[in-house]
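Here the structure comes first, spelled out in structure tokens, and everything after it is commentary.
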Amino acid sequence: MKDIIFLGKDTSDSFILKQLKESANYKVRKTSTLKEAQKAIATENPDFVLFSGKIKLDPEGNYVLEF
């Protein structure tokens, strides 16, 4: 079984995400905050992490997740 963490505040799941949830081969967990996602990644060691949002650069050149 493949473990997937989905990070995003999007309430409507995409078609692909719905198919993964219904499949017996995938366990999908949704999180809406970066802190929840970091904890899940550290404890569960997922096979995939999906992100729904934007990745931008701040003025100092650091990556910022916006969702």
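No lab work stands behind these numbers, since they all come straight from the coordinates. All values reported here derive from a predicted model rather than from experimental measurement. When we count neighbours, we look across all protein chains shown, and the Cβ atoms used for this are built from the backbone with ideal geometry, even at glycine.
Is it possible to state the helix-based mean residue ellipticity at 222 nm for the chain, with each DSSP H run of 4+ residues giving -39500 (n - 2.57), the sum divided by total residues, to the nearest 500 deg cm²/dmol? What is it? Intermediate values should be presented prior to the final figure.
Details: 2 runs with 19 residues, N = 67.
Estimated from H runs of four or more residues: -8000 deg cm²/dmol.
Normalise the Debye intensity by I(0) for the chain, one equal point scatterer per Cα, no solvent, then take log10 at q = 0.27 Å⁻¹ and round to two decimals.
-1.22
Simple spin-label model, 7 Å along Cα-to-Cβ: S23 to A42 in nm?
3.0 nm
Which FRET efficiency value, to the nearest 0.05, is calculated for S14 and N62 with the Förster distance at 35 angstrom and r the Cβ-Cβ distance? Please list the in-between numbers first.
Values: r = 28 Å, r/R0 = 0.80.
That gives a FRET efficiency of 0.80.
Taking the chain as the reference, fit the longest principal axis to its C-alpha atoms, fit the long axis of helix 34-44 to the helix C-alpha atoms, and give the angle between the two in degrees, 0 to 90, nearest 10.
The answer is roughly 50 degrees.
Can you pull out the trypsin sites (Lys or Arg not before Pro) in the chain that DSSP calls coil and that have at most 15 other Cβ atoms within 10 Å? Walk me through the numbers on the way to the answer.
Details: sites: K2, K9, K18, K21, K27, R29, K30, K35, K39, K54, K56; in loops: K9.
In loop regions of the chain (DSSP not H, G, I, E or B), the sparsely surrounded trypsin sites (Lys or Arg not before Pro) are K9.
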